[in-house]
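The values are calculated or read from the model by the stated rules, or taken from the named source; none is laboratory data. Bear in mind the structure is a predicted one, so any value in this text is a computation, not a measurement. Don't worry about glycine lacking a Cβ; one is built from the backbone with ideal geometry, like all the others, and counts go over all protein chains shown. These area figures cover heavy atoms from the full protein model, side chains too; ligands, DNA and RNA do not enter into them. Shrake-Rupley method; radii C 1.70, N 1.55, O 1.52, S 1.80 Å.
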Amino acid sequence: CGFSPITVCSDILKPGGYGLFGQYVEELRQRFDDCAARNIDDFIIKRSKERTDDVQKCALINLNRYADKVLDNKRYRKNHIHEPSIKTSRPLGFFDCIHAPCVDTCPTSQDIPGYIYYTSQGNLSKAGDIILQTNPFPYTMGLICDHLCQTKCTRINYDQPVMIREIKRYVAETAILNEVSKIPKPQQMENRKEVAIIGAGPSGLSCAYFLAIAGFSVSIYEAKLRSGGMASSVIPVFRLTDRALQNDVKRLEELGVKVYHQYEVNESNFQLIKKQSDYVYIAVGAQRSAKLNIDGSRARGVVDPLVFLEEVKRGRVEEYGNRIAIIGGGNTAMDAARTAYRMVGNMGKVYIVYRRTIKQMPADIEEIRAAQDEGIEVMELTAPERINTHNNRVVSITCSRMRLGAKDVDGRERPEKIPNTEFELEVDVVIPAIGQEFAFDIGNNEELKSSAGDYETQMPNVFIGGDALRGASTAINAIGDGRKVAQIIIDREGVNYNTVPENVRKPMNYNWHYGKRVRKVQAVKLPELSPSARKNFNLVVSTLSEDDVIEEANRCLLCDEFCSVCTTVCPNMANYTYLVNPASYTIQNAVARGNNKVTVEKEGVFAIAQTYQILNIGNFCNECGNCTTFCPSSGDPYRDKPRVFLTQSSFDAVNDGYFMINGENEPQILCKKSGQLSKLSRIGENYIFSNEDVEAELYGDSLKIKNVNFKKENVSEFTNRQAVEMSIIMQGLQQLVFDD
Ligand code: SF4
Ligand code: SF4
Ligand code: SF4
């Protein structure tokens, strides 16, 4: 018949699903054309570049070449750190489940698809405006953000995440640096309230930025000579340029915020500041390194990581020795290790000693990968036991091998020592980067404690956030805390200003979205120094070119407008996208008051905000759970979405679900919830809702209650909420089932 079966290793159970076949065929055709192959056998022979007609031999040669390529690919190496699952903690709703996972994950809720979209259109000015609405440090974050957003990007399950951080960096270096993009216009405020901020690091400056724009009078007290906090003092220059940070800080200071540098806040002046201000935000960071408590940790050669990074950054380069061990797995440990790598010379050696696994390291994945690429030896499941000295000078560390045991309260497998596995690691310097502590004292520090999930301390209108609250964390978490505290203060004063404004852009249509979601598009190449060219303090990653940034921005799937991932990953095509008209419905409660009197009261509003909704066809679904794996929410689409059955008998066999009957111009939908049957019928212009308790007539346009008849004496209340839900599902099923 001319058909030949081909076995392929496919990714059709991943987002894009069967729709990816189109690109398979397109690319196969292109490869055939490239070598002018007439058929598959001819293609196999030509690909092998062998002078033979033996198809099997050529196929084996091709296979071996492919296997070699796979072996060479870092992605398949044991120590490769894979992106974590794209699932977020967001609950999955019955309706309206579309959220961009990158936005959900960003601590400062940046409108990522918004600025990426305008970048893809070449409108950098608008992209910059959007960034400046929620991110006061665009240039700095474009360089050093640990981009949690990228770890949840929908594109991960296609090819690679969109380079969100690099796109922001480009916009910051062009439109924002050149002041083409503008910060939101500061508001005027009557009876301006005074806010004191302690600490001019990312968190304090972020809070100041939003408050100044909202019209508050803001004063910042900073112990150091310069603003910027840890970003200014310790983040290495091969990751962050001074120009970027100073540009961001200057923009903040131009907003009229008063910054008092070299102003140490202590017990007595804190009380004075508090008295003179309406609000206080403590954002002093976690400036003291946690101490390593093992024998030898006070010897010469044991160096504080923050002191080490600050000294190197200031150019006060000391002779540190050429074998350096960093203890810890956080971002400070990575910065210290990568800095040490640049200090030790070509014959030197840098180790990272970490008692858990590489995968459990809290550091940014890219920083861990960069450390590994640079040749730093990451010794996972290794714990230091003691530091050995000679004349009080470090000569080695004795370490033990660890293994993972039972899970701790956080659900992480706890490392435990493997007996008799001690070994000695010869080093000249030990840098214990095992955490940072809060180093601020107001006398009674108990008063600085806040309740879990809250920023307000025991003192009313005194807030704490950033590293001062959460311990050493990331700059973007600190910025996010600053914004959230600003919003609390703004709301408390009743000021009409939202630090996360809604940006409305014209949405793309269904075909645009579907077309994007059935194609893989590889990311552009990141312009970075090769590992062998990094024995210096030059910036490792350069800015993308204009062409590349636009190409990269065009990879974005605009996940704030459309998702439907669950429909493409289902092997049985059991999930469907249906369209509804966004609308608001008044939810009413009808109560029988006796003497045949019924009162109807408004109970609330039910809004359906999104056009694209999801339903599951129970007859097709075998509950394999693949849609759960790829749904970016924490839910299970096949369980959490309306489950529709296609036949009366299959509907009769379940306790929960929907079944649609297409009557002559009078469609009906049946619903079962825990076995209780309800029916909604469209009769003329109105609806009739009925179950074993009530029969109610509802207006066709609004679903408001027109009249209600209680069938049982012991039932005296009825709400139209279920009828509203049924009408929405009916609307969707009518297009799916009855449209031409
Ligand atoms: S594809 Fe775009 S909108 Fe979707 S998660 Fe990635 S960056 Fe965000
Ligand atoms: S659980 Fe059901 S809907 Fe989800 S992928 Fe499997 S068959 Fe499809
Ligand atoms: S995968 Fe499906 S259920 Fe999950 S958020 Fe996307 S559209 Fe909603």
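So, in the stretch 94-138, how many residues would count as being away from ligand 2 (no atom under 16 Å from the Cβ) and open to solvent by 10 Å² or more (accessible area, probe 1.4 Å)?
First, the residues of the stretch 94-138 that are away from ligand 2 (no atom under 16 Å from the Cβ): 95-96, 98-138.
After this cut, where a residue has to be open to solvent by 10 Å² or more (accessible area, probe 1.4 Å) as well, the list is 95-96, 98-99, 102-107, 109, 111, 117-118, 120-126, 129, 133.
Selection size over the stretch 94-138: 23.
Against the numbered list (1) open to solvent by 20 Å² or more (accessible area, probe 1.4 Å); (2) more than 16 Å from ligand 2 (Cβ to nearest atom), GLN150 comes up short only at (1).
Only a single criterion out of (1) within 15 Å of ligand 1 (Cβ to nearest atom); (2) touching a helix residue (DSSP H, G or I) at 6+ places or on another chain (Cβ under 7 Å); (3) farther than 16 Å from TYR170 by Cα is not satisfied by ASP146, namely (1). In summary, strands (runs of 3 or more DSSP E) completely within the stretch 386-467 and bearing 1 or more residues that are among the β-branched types (Val, Ile, Thr) occur at 393-407, 429-432, 462-464.
Of the candidates GLY625, GLY635, the single residue that is open to solvent by less than 10 Å² (accessible area, probe 1.4 Å), within 16 Å of ligand 3 (Cβ to nearest atom) and touching a residue at least 12 places away in the same chain (Cβ under 8 Å) is GLY635. Counting only helices (runs of 4 or more DSSP H) that sit wholly inside the stretch 38-148, those with at least 2 residues that are in contact with a Phe, Trp or Tyr (Cβ under 7 Å, 6 or more places away or on another chain) are 124-134. More than 16 Å from ligand 1 (Cβ to nearest atom), modelled with pLDDT under 95 and not in a strand (DSSP E or B), is that true of ASN581? Yes; evaluated as a whole, the condition is true for this residue. Among residues of the stretch 703-720 being at pLDDT 95 or above and outside any strand (DSSP E or B), the one that is surrounded by the fewest Cβ atoms within 10 Å (Cβ to Cβ) is LYS704.
Given the options GLN588, GLN613, name the one that is within 16 Å of ligand 3 (Cβ to nearest atom) and either crowded, with 17+ Cβ neighbours inside 10 Å or in contact (Cβ under 8 Å) with a residue 60 or more places away in the chain (or both).
Details: GLN588 fails: within 16 Å of ligand 3 (Cβ to nearest atom).
Being within 16 Å of ligand 3 (Cβ to nearest atom) and either crowded, with 17+ Cβ neighbours inside 10 Å or in contact (Cβ under 8 Å) with a residue 60 or more places away in the chain (or both) holds for just one of GLN588, GLN613, which is GLN613.
Inside the stretch 216-244, residues that are of a type in the set (A, V, I, L, M), over 21 Å from LEU143 (Cβ atoms) and surrounded by fewer than 23 Cβ atoms within 10 Å (Cβ to Cβ) make up a count of 2.
Would you mind finding the one in ARG369, ARG393 that is in contact (Cβ under 8 Å) with a residue 40 or more places away in the chain and either in the same structural domain as VAL485 (by TED's automatic domain parsing) or under 26 Å from the mean Cα position of the chain (by Cα) (or both)? Even if it seems obvious, please write down each step before you answer.
Details: ARG393 fails: either in the same structural domain as VAL485 (by TED's automatic domain parsing) or under 26 Å from the mean Cα position of the chain (by Cα) (or both).
Sole residue among the options that is in contact (Cβ under 8 Å) with a residue 40 or more places away in the chain and either in the same structural domain as VAL485 (by TED's automatic domain parsing) or under 26 Å from the mean Cα position of the chain (by Cα) (or both): ARG369.
For ILE442, indicate whether it is farther than 15 Å from PRO202 by Cβ, among the hydrophobic types (A, V, I, L, M, F, W, C) and without any contact (Cβ under 8 Å) to a residue 40 or more places away in the chain. Answer is no for this residue.
Picking from LEU677, LEU646, LEU670, which residue would you name as being at negative phi, among the aliphatic types (A, V, I, L, M) and in contact with an Asp or Glu (Cβ under 8 Å, 6 or more places away or on another chain)?
On the way: LEU646 fails: in contact with an Asp or Glu (Cβ under 8 Å, 6 or more places away or on another chain); LEU670 fails: in contact with an Asp or Glu (Cβ under 8 Å, 6 or more places away or on another chain).
One residue alone meets the criteria, LEU677.
Considering only residues in the stretch 638-678 that are touching a helix residue (DSSP H, G or I) at 6+ places or on another chain (Cβ under 6 Å) and within 16 Å of ligand 3 (Cβ to nearest atom), the one that is most open to solvent (accessible area, probe 1.4 Å) turns out to be TYR638. Among the residues of this structure, CYS559 counts as one that is within 16 Å of ligand 3 (Cβ to nearest atom), in a loop (DSSP other than H, G, I, E, B) and not basic (Lys, Arg).
Of all residues in the stretch 586-621, how many are more than 16 Å from ligand 1 (Cβ to nearest atom) and outside any strand (DSSP E or B)? Show your work before the answer.
Our first condition is that a residue be more than 16 Å from ligand 1 (Cβ to nearest atom); within the stretch 586-621, this holds for 586-609, 611, 613-621.
Narrowing the set further to residues that are outside any strand (DSSP E or B) leaves 595-596, 609, 611, 618-621.
The total comes to 8.
Has the stretch 158-173 got at least one residue that is open to solvent by 20 Å² or more (accessible area, probe 1.4 Å), within 12 Å of ligand 1 (Cβ to nearest atom) and more than 13 Å from ILE112 (Cβ to Cβ)? Yes; the residues of the stretch 158-173 include at least one that is open to solvent by 20 Å² or more (accessible area, probe 1.4 Å), within 12 Å of ligand 1 (Cβ to nearest atom) and more than 13 Å from ILE112 (Cβ to Cβ).
Evaluation of LYS275 against the conditions (1) farther than 20 Å from ILE442 by Cα; (2) charged (D, E, K, R); (3) without any contact (Cβ under 8 Å) to a residue 24 or more places away in the chain shows that the sole unmet condition is (1). Evaluate the stretch 139-146: report whether one residue or more is in contact with a His (Cβ under 9 Å, 6 or more places away or on another chain) and either under 27 Å from ASP548 (Cβ atoms) or surrounded by fewer than 24 Cβ atoms within 10 Å (Cβ to Cβ) (or both). The answer is yes, given that some residue of the stretch 139-146 is in contact with a His (Cβ under 9 Å, 6 or more places away or on another chain) and either under 27 Å from ASP548 (Cβ atoms) or surrounded by fewer than 24 Cβ atoms within 10 Å (Cβ to Cβ) (or both).
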